[in-house]
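What follows is a short report on a single structure.
The values are calculated or read from the model by the stated rules, or taken from the named source; none is laboratory data. Bear in mind that the values here come from a model prediction, so they are computed numbers and not experimental data. Cβ: placed from backbone, ideal geometry, glycine included. Neighbour counts: every protein chain shown. To get the accessible areas, we keep the full protein, side chains included, count just its heavy atoms, and leave off ligands, DNA and RNA. Shrake-Rupley method; radii C 1.70, N 1.55, O 1.52, S 1.80 Å.
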Amino acid sequence: MDLPLVVELADGGHRARPLGPDASSRLLECWATGVDLPDGFRWAHGSHAWETVPPGERTIDVDQTNSSVVVGDRVVVKWVTTPLVGPHPAPERLHRLVEAGFESMPEVWFDLEWLTPDGHWVPVVTAVALVRDATDGWTWCLDEARAAVGVLPGPGLPFAHRLGEVTAAMHLALADSPTGPVATHGDFHIGQVLRDPAGELYVIDFDGNPTVPPAERVAHRPAAYDVAGMLVSLENVGHVVQHHHPEVSEDAVVAWTDDVQTQFLTAYRDGAGELLEESLLTTYVDDQIQRELDYADAYLPRWRYVPEAALRRRGRW
Ligand code: ADP
Ligand code: MG
Ligand code: MG
């Protein structure tokens with residue numbers, strides 16, 4: 001069986017293109033049957049036992065950078081749609097997380113990697129176990145905020161303490177030394193945290209921030225970088241709720257934001273306090289807000305009110 005994809009030059013960069021219908025299912029079959037790969041391709045992270053997956057594909061239609069497909073209600077196949085340039089941060093991060101036994105992420109089945117002309121292996125397709133009936137991070141967290149301020153029936157499900165614990169465990173697995181730096185997630189916000197019906201949290205998407213250049217994407221950073229990313233996104237959830245429910249008092253939204261940020265940070269400090277240089281938080285929060293303003297200007301004008309509201313609220317960090 002041939003690999004159901006090509007890597008081609010498009011828009012000045014190398015990009016992968018799936019070939020034909022059911023490309024995701026056929027790729028899984030290539031992996032399960034141990035097909036010979038063409039030069040310049042390799043399988044990585046193959047710890048999952050080979051398994052044939054039932055047929056049936058559906059696309060995932062949330063806001064996403066790449067293009068993910070669920071196959072057989074069992075596995076998520078993510079096709080990288082951005083240019084294939086190295087170095088790429090995901091292989092090292094996944095390797096460390098798997099080695100350390102980090103449990104709060106979907107099980108990695110495999111990556112299909114491609115060798116760039118300048119000698120870097122980069123993921124082209126990644127396959128991870130489907131978290132069944134999972135809710136996307138922005139969806140469940142917005143619902144938590146709505147429940148807390150009374151526009152949805154409560155009570156919600158506590159999450160912020162667990163989020164801090166999970167983040168601490170992730171950073172301990174990624175740390176170069178007890179005080180860091182860490183090969184950090186790099187694109188850490190609430191949209192990268194799935195929640196299952198039992199309330200368990202799963203971190204996804206270790207590709208780093210798609211808007212920064214590759215060399216920066218692989219940089220190991222102080223843990224405060226990811227922590228700031230999450231603090232900003234928790235605050236952003238509040239701004240979105242306020243925007244859609246102007247009748248809710250700002251005090252109620254601010255109280256929710258303070259509460260979840262404090263729980264998150266307290267649990268993080270308990271788990272990985274040595275990694276966190278608190279004095280860096282202010283700068284990283286400012287940087288994150290600036291990146292969101294730039295991102296909104298470049299790609300998503302309807303998001304601009306969120307970083308604008310965050311700028312007006314500056315002060316706590
Ligand atoms: P991108 O880089 O395109 O943002 P993600 O890895 O974040 O890709 O995945 C995109 C979306 O696919 C997620 O926001 C989530 O809704 C869904 N998803 C990803 N992995 C899983 C999984 N293991 N189980 C269930 N849904 C998933
Ligand atoms: Mg991503
Ligand atoms: Mg994502």
How far, in degrees from 0 to 90, does helix 250-272 lean away from the longest principal axis of the Cα atoms of the chain, to the nearest 10? 60
Can you pull the percent of the chain's accessible area that's carbon plus sulfur, 1.4 Å probe, other chains left in place? 52
Give me the net charge of PRO181's neighbourhood, meaning all other residues with Cβ under 14 Å from the Cβ of PRO181; Lys, Arg count +1, Asp, Glu -1. -3
Computed about the Cα centre, the charge dipole of the chain from +1 Lys/Arg and -1 Asp/Glu charges at the Cβ has a magnitude in debye, to the nearest 20, of 240
Net +/- balance of residues flanking LEU163 in space, Cβ distance below 12 Å, scoring K and R +1, D and E -1: -2
Once phi is turned into θ = phi - 60°, what whole-Hz ³J(HN,Hα) does the Karplus curve with 6.51, -1.76 and 1.60 give for every residue of the range 77-86, x standing for Gly and Pro? 9, 10, 8, 6, 9, 7, x, 8, 10, x
The range 120-216: relative contact order in percent, alpha carbon pairs under 8 Å with at least 6 residues between: 30
Give me the extension gain from GLU274 to ALA10: residue separation times 0.36 nm, minus the current Cα-Cα distance, reported in nm with one decimal. 90.5 nm
So with the 1.4 Å probe, I'd like the accessible area per residue for the chain, rounded to whole Å². 46
May I ask for the angle, rounded to the nearest 10°, between helix 90-99 and the longest principal axis of the chain, with both axes built from Cα atoms and the value confined to 0 to 90°? 80
Extending each Cα 7 Å along its Cβ direction at ARG58 and HIS244, get the distance between those two points in nm, one decimal. 2.1
Here, trypsin sites (Lys or Arg not before Pro) of the range 59-133 satisfying both criteria (DSSP loop; at most 14 other Cβ within 10 Å) are ARG132
Table column - 3J(HN,Hα) (Hz), the range 55-70, Karplus curve with 6.51, -1.76, 1.60, x for Gly and Pro: x, x, 10, 9, 7, 9, 10, 9, 4, 8, 7, 9, 10, 10, 10, 8
Under 5 Å, built H, 5+ apart or other chain: amide partners of VAL218: none
In whole Hz, what ³J(HN,Hα) sequence does the range 216-232 give by Karplus (6.51, -1.76, 1.60; θ = phi - 60°), x for Gly and Pro? 6, 4, 8, 4, 7, 10, x, 4, 4, 4, 5, 4, 4, x, 5, 4, 5
Using 0.36 nm times the number of residues separating ASP259 and ARG314, minus their current alpha carbon distance, what extension gain do you get? 18.1 nm
Amide H to amide H under 5 Å from VAL75: which residues, 5+ apart in sequence or cross-chain, H placed 1.01 Å off N in plane? LEU130
More than 35 Å apart - percent of Cα-Cα pairs taken over the chain: 22
Between ASP39 and ASP287, what is 0.36 nm times their sequence separation minus the Cα-Cα distance? Round to one decimal in nm. 85.2 nm
For the range 5-129, state what percent of all Cα-Cα pairs lands in each successive 5 Å bin, counting from 0 Å until the bin that includes the largest distance. 2, 10, 21, 24, 22, 15, 5, 1
Helix 23-33 sits off the longest principal axis of the Cα atoms of the chain, rounded to the nearest 10 on a 0 to 90 degree scale, by 60
Under 12 Å from a label point 7 Å along Cα→Cβ of ASP73: give me every residue in the range 128-162 with its amide N that close. 132-133
Amide H contacts under 5 Å for GLY208, placed H, 5+ residues apart: ASP187
